[in-house]
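J.: I am attaching a structure below and will ask some questions about it afterwards.
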Amino acid sequence: MTLTTENNAKKIGILIEFENGKIKKAEYGVITAAREAGHELYALVTETEEIDCRESLQIYGIEKIVMLSSKPEHLKQNPVRQAKAIIMAMNHFGIHTLCGLTSPWGKDLLPRIAAALDAPLVIDCLHVNFADNIAQKPQYSGKTVADIKVRGTYYIFGIRPNVTEAVEAPCRAEIIHFETNVDSKRFKVKDVKPGASRGVNLSEADIIISGGRAMRNTENYKILYDCAEVLNAAVGASRVAVDAGWVPHAMQVGQTGATVNPKLYIACGISGSVQHFAGMKTAGIIVAVNTDPDANMMRNCDYGITGDLFEIVPIFTRQLKEVPELNQL
Amino acid sequence: MKIYVCIKHVPDSAVQITLMAKNQIDESVTFLMNPYDEHAVEEAVRLKERIADCEVVAVTLGKEGALSTLQSALAMGADRGVFIKTDDPPDAILTAKLLATAISQDGLPDIIFTGKESIDSQGMQTAFRIGAALDIPVAVNVAALSLDWDSNQVSNQNRVLAECEKSGGDRDVIEMHLPCVIGAGKSLNLPRYPTLPQIMKARKKKIKQIDPDSLGIEKPLASMEILKLQVTTYKRKNRILEGSPEQAVSRLIKCLHEEEKVF
Ligand SMILES: Cc1cc2nc3c(=O)[nH]c(=O)nc-3n(C[C@H](O)[C@H](O)[C@H](O)COP(=O)(O)OP(=O)(O)OC[C@H]3O[C@@H](n4cnc5c(N)ncnc54)[C@H](O)[C@@H]3O)c2cc1C
Ligand SMILES: Nc1ncnc2c1ncn2[C@@H]1O[C@H](COP(=O)(O)O)[C@@H](O)[C@H]1O
C-alpha cells in the first residue's frame, strides 16, 4: 500500500531540447519512455523564448511545463547556470528522477547536474526501468550492453535518441514560470563558433549515408549529399576521411566520432572496422556498397551491393527520385 | 604550474569482448591507455614544453596492470605518476572522489586533464565529478585550448579559453578561471609516439602508489552497480543484391520500401 502511494507520487523531470526553435523530434521518444513508468511528467524548459512548446508537449502526456529563467545572468547557452536552475526546480517541485536526450547538450548538462547532486547517472540508455531504477546502456564501444542498478536520492538518465518510438497521449499541460538567480562566475561562454558541417545532427538522424576512404576527396562527397537530399538523410564519414581532411570531424561515425542510431545506415566504401561499427551497430537496417564482397561491412549488413560507389550511388539517387513517398516530403 | 592528467587503463578498442562472469569481462586481452586520455597527456606535455617551472603528474586508478598505462604517460613526457591501486575498481562516483582526493593530497592543481569519455564504461561523467569534488569549473570535449599564464599571478587570476565541440561541429568558446578540469576531445591534438629512449627514461621516473583505503573516503550513498553484462549480437539479414547496377539498386529500393518500410 505504502509502496503504491510512493510510486504514484513520483515525478519525472524531462529536459526539453530545442533545435531551430522547435522541440527536437527525438525528445518525444524520451517523453514516451518516461511516461511508461506512470509518474507525473514535468517538462523542464531552459529556453524561455520557445513559448509555443505547450501544444506539442501536451500531445505526448506532459502535465507540467516548467519554464526556467534567471536574472541577472540569463540561462541561455550556459550549462553551469542551466544545471543550477534545474537543480533548484527539481528541489522545489520534488523531482528526484531526471531524463534527457543523450545529445551534445545532454552530455554536457546531465553530468553537471549529477555531479552537483552527487547522484548516479547513466548516459546513453537504451532502456530504463523506472520502477527498479535499472538502466541498460552500451559499454566497450557497444560490444556489450550493461544492466546498471542505480541507488541514491536522485536518479539521472540520458536516453539514446530514437530508442523509443514516440506515441501520443494527449492531456492538458499547465505552464509554470520558475525564476531563479543563478550565476557562473568562473565559467563563461564567450562565443559560439559555427561548425563546418552542414545539415542534420548525426546522432539524431533517421537516415545516414556515409562515405569512407573510397571517397578519395572532398568534392566526391557531393554524390552523397545529392542522395541525402532525396532521402532527407544526414551525411557521415569514416575516420580515414576525417583524418585525410576531406570532411570535418563532426561527420565521423564510430568509436571516436558520433554514435548513431538511425533507422537506415548506408555505408559507401567503408570496410567496416570494429571502431566504425562501434558507432553504428545499433542501426535498424545497414546497407553496404563496396567493391569488395568480402569487406567486413558487406558480411555484416542487411543489404549489400557489390560495386563501385561512384556508379551505384548516382543510380540510387536517380531511382529514389522516382519513389512517390519520398517526393511528398 | 601543476598539471594533473587522469588516465585510465582500458581494453584495446579492437579486441573482442567476452564475459567471465555475469557482470565481468574476460580481462586477458590487450589493454591500453584510453584514447581520449592520450590527447589529455599530449596537451599537458605541450603546456609543459612552453611554460617554465611546470610539472605534469599522471594519475590512474586501477588494477595492477594499469601500471603499464601510467608508464606510457611517463614516456610521453609526464614527470611522475600516482597510482591508486585496487583489485576492485569502483563506480564513477567513488572513482572521481578518489582521484580528486589523491590529487589534492599530492599538490595544488592548476589544471586537471581527463579524457571526455572512457571507452570501456563509457560513463561520460568523471571529469564533472572531479570538478564538483574540488569545486572548480569543468569543460569537456575540448577541441582547442589556449592558456594565459602568468606565474606571478595567483592561480585563480589565470584563465583558459577552451573550445568545446557541440553538435554539427559548432564550438562553444568557454572562458574558465584556474584551477579547472579539461576533458580532452579527439580534435585537441595529435598524440605523440614515444621513442625508445623516452620509454627507457620513463622507467626511472617516480610512481607513488596509494591504497584507496588510505585516502579516508566514506563510501558514498549513491552508487551505480553493474548487475549484468551481455555481449551484443545484431543479427543481420546479409542479403547481397545481384544483377546489373540498375537491377541491384532497384531491388534495394524495393526492399527498403516494401519490406523495411523506411520510406
Ligand atoms: C583508437 C581508434 C579509434 C578509431 N575510431 C574510429 C572511428 O570513430 N570511426 C572510424 O570510422 N574509424 C575509426 N578508427 C579507424 C578504423 O580502425 C579504420 O581504420 C577505419 O574505420 C577505416 O576507414 P574506411 O572503412 O573508410 O577505410 P578502409 O578500411 O580503407 O576501407 C575502404 C573500403 O572501401 C572499399 N572501396 C574502395 N574503392 C571503392 C569504390 N570505388 N566503391 C566502393 N567501395 C570501394 C574497399 O573495398 C574498402 O572496403 C579508429 C581506430 C583506432 C585505433
Ligand atoms: N579509473 C580511472 N583512473 C584515472 N582516470 C579515470 C578513471 N576513470 C575515468 N577516468 C578519467 O575520466 C575520463 C572520463 O571517464 P568516464 O567518466 O568513465 O567516461 C577518462 O577519460 C579519464 O581521464
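The values are calculated or read from the model by the stated rules, or taken from the named source; none is laboratory data. Predicted, not measured: the structure shown is a model, and the values here were computed from it. FYI the Cβ positions are ideal-geometry reconstructions off the backbone, even for glycines, and counts take in every protein chain you see.
J.: Which one of these does B:A44 not meet: (1) surrounded by 22 or more Cβ atoms within 10 Å (Cβ to Cβ); (2) of a type outside the set (F, W, Y); (3) within 12 Å of another protein chain (Cβ to nearest Cβ)?
T.: (3)
J.: If we keep just the residues of region B:85-108 that are part of a helix (DSSP H, G or I), within 9 Å of ligand 2 (Cβ to nearest atom) and not small (G, A, S), which is nearest to A:V145 (Cα to Cα)? Give the derivation first.
T.: Looking only at region B:85-108, we keep the residues that are part of a helix (DSSP H, G or I), and these are B:92-106.
Within this subset, residues satisfying the condition of being within 9 Å of ligand 2 (Cβ to nearest atom) are B:92, B:95-96, B:98-99.
Next, from what is left, pick out any that are not small (G, A, S): B:95, B:98-99.
On the way: B:T95: 21, B:L98: 26, B:L99: 26 Å.
Residue satisfying both the conditions and the ranking: B:T95.
J.: Within region A:182-197, does at least one residue satisfy the condition of being more than 7 Å from chain B (Cβ to nearest Cβ), farther than 30 Å from B:A132 by Cβ and in contact (Cβ under 8 Å) with a residue 60 or more places away in the chain? Working first, answer last.
T.: Narrowing region A:182-197 to residues more than 7 Å from chain B (Cβ to nearest Cβ): A:182-185.
Now narrow it down to the ones that are farther than 30 Å from B:A132 by Cβ: none.
The answer is no; no qualifying residue exists.
J.: Please enumerate the residues belonging to region A:252-273 that are facing another protein chain (nearest Cβ under 8 Å) and more than 7 Å from ligand 1 (Cβ to nearest atom).
T.: A:K263, A:L264
J.: Is it fair to say A:T259 is more than 16 Å from ligand 2 (Cβ to nearest atom), touching a residue at least 12 places away in the same chain (Cβ under 8 Å) and surrounded by fewer than 24 Cβ atoms within 10 Å (Cβ to Cβ)? Working first, answer last.
T.: Details: more than 16 Å from ligand 2 (Cβ to nearest atom): no; touching a residue at least 12 places away in the same chain (Cβ under 8 Å): yes; surrounded by fewer than 24 Cβ atoms within 10 Å (Cβ to Cβ): yes.
It is false that A:T259 is more than 16 Å from ligand 2 (Cβ to nearest atom), touching a residue at least 12 places away in the same chain (Cβ under 8 Å) and surrounded by fewer than 24 Cβ atoms within 10 Å (Cβ to Cβ).
J.: Can you pull out every residue in region B:109-153 that is out of contact with any Leu (no Cβ under 9 Å at 6 or more places or on another chain), within 12 Å of ligand 2 (Cβ to nearest atom) and among the charged types (D, E, K, R)?
T.: Of everything in region B:109-153, those that are out of contact with any Leu (no Cβ under 9 Å at 6 or more places or on another chain), within 12 Å of ligand 2 (Cβ to nearest atom) and among the charged types (D, E, K, R) turn out to be B:K116, B:E117, B:D120.
J.: Name the single residue that is surrounded by the most Cβ atoms within 10 Å (Cβ to Cβ) among those in region A:316-329 being more than 7 Å from chain B (Cβ to nearest Cβ) and of a type outside the set (D, E).
T.: Here the residue is A:T317.
J.: Read through the list (1) more than 8 Å from chain A (Cβ to nearest Cβ); (2) crowded, with 18+ Cβ neighbours inside 10 Å; (3) in contact (Cβ under 8 Å) with a residue 60 or more places away in the chain, then give the number of the only condition that B:G107 fails.
T.: Status for B:G107: all satisfied but (2).
J.: Please work out if A:T282 is hydroxyl-bearing (S, T, Y) and within 12 Å of ligand 1 (Cβ to nearest atom). Before the answer, list the steps.
T.: Values: hydroxyl-bearing (S, T, Y): yes; within 12 Å of ligand 1 (Cβ to nearest atom): no.
In short, no.
J.: So which of A:D124, A:D147, A:D118, A:D206 ends up being surrounded by fewer than 22 Cβ atoms within 10 Å (Cβ to Cβ), closer than 22 Å to A:E19 by Cα and within 12 Å of chain B (Cβ to nearest Cβ)?
T.: A:D206 is the lone residue from the list that is surrounded by fewer than 22 Cβ atoms within 10 Å (Cβ to Cβ), closer than 22 Å to A:E19 by Cα and within 12 Å of chain B (Cβ to nearest Cβ).
J.: From the residues in region A:220-251 that are away from chain B (no Cβ under 13 Å) and among the acidic types (D, E), which one is surrounded by the fewest Cβ atoms within 10 Å (Cβ to Cβ)?
T.: A:E229
J.: Also, quick follow-up: Within region B:96-119, can you find the residues that are of a type in the set (A, V, I, L, M) and more than 22 Å from A:P120 (Cα to Cα)?
T.: So the first thing to find is which residues in region B:96-119 are of a type in the set (A, V, I, L, M), and the list is B:96, B:98-100, B:102-103, B:108, B:111-112, B:119.
Listed by number, the residues that qualify are B:I103, B:L108, B:I111, B:I112.
J.: With the condition being of a type in the set (S, T, Y) and either at the interface with chain A (Cβ under 9 Å from one of its Cβ atoms) or in contact with a Gly (Cβ under 9 Å, 6 or more places away or on another chain) (or both), I'd like the strands (runs of 3 or more DSSP E) fully within region B:115-189 carrying at least 1 qualifying residues.
T.: On the way: elements: B:138-148, B:159-165, B:171-177, B:180-184.
Once the strands (runs of 3 or more DSSP E) in region B:115-189 are filtered for at least 1 residues that are of a type in the set (S, T, Y) and either at the interface with chain A (Cβ under 9 Å from one of its Cβ atoms) or in contact with a Gly (Cβ under 9 Å, 6 or more places away or on another chain) (or both), nothing remains.
J.: Just to be sure before I move on: is B:G168 of a type in the set (G, A, S) and under 30 Å from B:Q230 (Cα atoms) in the structure I sent?
T.: Values: of a type in the set (G, A, S): yes; under 30 Å from B:Q230 (Cα atoms): no.
In short, no.
J.: What about A:R160, is it touching a Ser or Thr at 6+ places or on another chain (Cβ under 8 Å), modelled with pLDDT of 95 or more and surrounded by fewer than 19 Cβ atoms within 10 Å (Cβ to Cβ)? Lay out the reasoning, then the answer.
T.: On the way: touching a Ser or Thr at 6+ places or on another chain (Cβ under 8 Å): yes; modelled with pLDDT of 95 or more: yes; surrounded by fewer than 19 Cβ atoms within 10 Å (Cβ to Cβ): no.
The answer is no for A:R160.
J.: Among the listed residues B:I119, B:I112, B:I103, identify the single one that is within 23 Å of B:V140 (Cα to Cα) and within 16 Å of ligand 1 (Cβ to nearest atom).
T.: Working: B:I112 fails: within 16 Å of ligand 1 (Cβ to nearest atom); B:I103 fails: within 16 Å of ligand 1 (Cβ to nearest atom).
Just a single option satisfies the conditions, and that option is B:I119.
J.: From the list B:Q71, B:Q125, pick out the single residue that is surrounded by fewer than 24 Cβ atoms within 10 Å (Cβ to Cβ) and among the polar types (S, T, N, Q).
T.: B:Q71
J.: Moving to a separate point now. Step by step: first the residues of region B:15-34, then only those that are more than 18 Å from B:L74 (Cβ to Cβ) and surrounded by 14 or more Cβ atoms within 10 Å (Cβ to Cβ), then the one that is farthest from ligand 1 (Cβ to nearest atom). Which residue is that? Let's see the steps before the verdict.
T.: Of all residues in region B:15-34, those more than 18 Å from B:L74 (Cβ to Cβ) come to B:15-30.
When the remaining residues are screened for being surrounded by 14 or more Cβ atoms within 10 Å (Cβ to Cβ), the result is B:15, B:17, B:19, B:23, B:25.
Numbers: B:V15: 11, B:I17: 15, B:L19: 22, B:N23: 25, B:I25: 18 Å.
Of everything passing the filter in region B:15-34, B:N23 is farthest from ligand 1 (Cβ to nearest atom).
J.: Could I ask something else about it? Condition first: of a type in the set (G, A, S) and either free of Cβ contacts under 8 Å to residues at least 12 places away in the same chain or assigned to a helix (DSSP H, G or I) (or both). Now tell me which residues in region B:190-222 satisfy that.
T.: Initial filter on region B:190-222 (of a type in the set (G, A, S)): B:202, B:214, B:216, B:222.
Those that are of a type in the set (G, A, S) and either free of Cβ contacts under 8 Å to residues at least 12 places away in the same chain or assigned to a helix (DSSP H, G or I) (or both): B:A202, B:S214.
J.: Something else about it: Quick check on my filter: what residues within region A:284-314 are of a type in the set (A, V, I, L, M, F, W, C) and either in contact with a helix residue (DSSP H, G or I) (Cβ under 9 Å, 6 or more places away or on another chain) or touching a residue at least 40 places away in the same chain (Cβ under 8 Å) (or both)?
T.: Of the residues in region A:284-314, the ones of a type in the set (A, V, I, L, M, F, W, C) are A:285-289, A:295, A:297-298, A:301, A:305, A:309-310, A:312-313.
Residues satisfying the conditions are A:I285, A:I286, A:V287, A:A288, A:V289, A:M297, A:I305, A:L309, A:F310, A:I312, A:V313.
J.: Across region A:18-34, what is the total count of residues that are modelled with pLDDT of 95 or more and not hydrophobic (A, V, I, L, M, F, W, C)?
T.: Of the residues in region A:18-34, 4 are modelled with pLDDT of 95 or more and not hydrophobic (A, V, I, L, M, F, W, C).
J.: Still on this structure, I have one more. For region A:299-315, name all the residues that are within 28 Å of the chain's Cα centre (by Cα), at the interface with chain B (Cβ under 7 Å from one of its Cβ atoms) and surrounded by 22 or more Cβ atoms within 10 Å (Cβ to Cβ).
T.: Listed by number, the residues that qualify are A:C301, A:D302, A:Y303, A:G304.
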